[in-house]
Amino acid sequence: MADRVTVIGWDGTPLTRAATAALTAATLVAGAAHHLALPEVPPDAERIRLGSVDLAARRIAGHRGSAVVLADGDPGFFGVVRTLRAREHGLEVEVVPAVSSVATAFARAGMPWDDAQIVVAHPRALRRAVNVCRAHHKVAVLTSPGAGPAELALLLDGVHRTFVICEELGTDRERVTVLTSDKAADHTWRDPNVVIVVGGTGPETTAASAWIAGRPPAYPQGVRGWALPTAAYREAGVDRMPDSGEGEFPGLRAAQLARLGPRTGDLVWDIGSGSGAFAVDAARFGAAVLAVDAEPAACARTEAAARAVGVPVQVVRGRAPHILERLPEPDVVRIGGGGVPVARAVLDRRPERIVTHASTRDEAEALGAALTGNGYTVECALLQSVDLDTELWTERERSVVFLLSAGRSDPAP
């Protein structure tokens, strides 16, 4: 094992005294081509072009002498430090950090970033990175070949965002470009780059209210719970929410949320969005949400509810199942209406989980039969909710519904 392993971050500024001392004493230096060209790299040191960090770690583990790994920005922030310290390599490292590329990108843009989400995009996880951009008003995307600004823009089709694209930060080829997302696919971009994606509904943090980095939880003042009550929307200024009924009462929405488990990086379909309450609840968990309804009034209610709570929900007007062919791939789906034909169409898209409901046992059996098989397991529960007047302890409202949930046996990672 190397006698000493130092990881040095470089942001284009002159190296610090500690970094220079470690580098000039190195007998092995690993880094990208522009790192290995630095004048401080000893001419007689063994040089490793840093493509695979795992391969470089194995070479370092077998080296006797002082090893240095050069990386852009802060190597402890989505960087090489994690790989070098992994159990299979067993390397103990000293880290000399620099300003991260994310911090530099926001500095170039002149924007605060304590309210930003930060994601890494590579081809296998690009869709999840795009879903975060759909769901949050400010996202920094660390790109990779095949998962750059053009690919982000293409998958964001129909969602308007502003891109701040920062190419080759810290080098003499640095370039910062601001344009709308629909124009990004028309250009060729250099790697590496950071893309700041801005737009959509979302609460901005302020000096007075900020207490946690990233997007703050979306809860109306004084309201807790997984499923917001109708009164919470009325207090937020939404005066056209329908009264609780089948498919709308908070108890059913809470049960649906519990079975779907929407999370950051997911895309949720809410088919037959009705009041928009479920779509808003799912968005409050950090998921990207597409709310689908054929009725203009329902689409308007959903948009108003999302604005009132301060979450981004993309509303698509159209009738299922035909409209579903145009939508991007879902992770989880709530079917609020449309029956067996919609359930079959959703099943063809292979989401990880599906929930729906029925008012009668015959309808529940038909939906269950449509969702069973093809790698899915179906569960059904009869939910009964009785709302009581706590002054007189008399029944005010009763709701009875069959809740069906279908889950894949081979869930996506």
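The values are calculated or read from the model by the stated rules, or taken from the named source; none is laboratory data. Everything numeric in this text was worked out from a predicted model, so none of it was measured. In this analysis, Cβ positions are derived from the backbone assuming ideal geometry, glycine residues included, and neighbour counts consider all displayed protein chains. These area figures cover heavy atoms from the full protein model, side chains too; ligands, DNA and RNA do not enter into them. Shrake-Rupley method; radii C 1.70, N 1.55, O 1.52, S 1.80 Å.
May I ask you to compute the full-extension gain from residue 359 to residue 382, defined as 0.36 nm times their residue separation minus their alpha-carbon distance, rounded to one decimal in nm?
Values: separation 23, 0.36 × 23 = 8.28 nm, distance 0.97 nm.
Contour length minus the Cα-Cα distance gives 7.3 nm.
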For this session: Can you work out the accessible area per residue across segment 1-108, with the rest of the protein chains kept in place, probe 1.4 Å, in square angstrom?
Result: 51
For this session: In square nanometres and to one decimal, what's the mean projected area of the convex hull around the Cα atoms of segment 1-134?
Result: 9.3
Seminar exercise, completed: Once Lys and Arg are counted +1 and Asp and Glu -1 for all other residues with Cβ under 14 Å from that of residue 48, the total becomes +2
Exercise. From the Cα gyration tensor of segment 58-178, with a ≥ b ≥ c the square roots of its eigenvalues, which class applies: rounded if a/c is under 1.5, or else prolate if a/b is larger than b/c, or else oblate?
Worked result: prolate
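Leaving ligands, DNA and RNA out of it, report the carbon-plus-sulfur percent of the accessible area of segment 285-413 at a 1.4 Å probe. Write out the running numbers ahead of the final one.
Values: 3090 of 6460 Å².
Taking all protein chains in place, segment 285-413 shows 48 percent carbon and sulfur surface.
If you restrict to DSSP beta bridges whose two residues both lie in the chain, what percentage is antiparallel, to the nearest 5?
50
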Problem set entry | Correct option for mean projected area of the Cα convex hull in nm² [calculated from the coordinates] among [x] 25.9; [y] 20.0; [z] 24.2 | [z]
Exercise. Taking the chain as a Gaussian network, where each spring joins two C-alpha atoms under 10 Å apart, which residue of 229, 43, 330 fluctuates the most?
Worked result: 43
Seminar exercise, completed: Per DSSP loop assignment and a cutoff of at most 15 other beta carbons within 10 Å, the chain keeps its longest run without exposed trypsin sites (Lys or Arg not before Pro) at 88-172
For this session: Return one number: the angle in degrees, 0 to 90 and rounded to the nearest 10, between the long axis of the Cα atoms of helix 339-348 and the longest principal axis of the Cα atoms of the chain.
Result: 20
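Checking the a/c ratio against 1.5 first, then a/b against b/c, what shape does the Cα gyration tensor give for segment 288-395? Don't skip to the answer; put the middle values down first.
Numbers: a/c = 2.08, a/b = 1.12, b/c = 1.86.
Oblate.
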Seminar exercise, completed: In the neighbourhood of residue 80 defined by beta carbon distances under 11 Å, the net charge of the other residues (Lys, Arg +1; Asp, Glu -1) is -1
Problem set entry | CD proxy at 222 nm, helix term only [per DSSP H run n ≥ 4: -39500 (n - 2.57); per residue of the chain; nearest 500] | -7500 deg cm²/dmol
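Which whole-number value in Å² is the accessible area per residue of segment 286-413, probe 1.4 Å?
50
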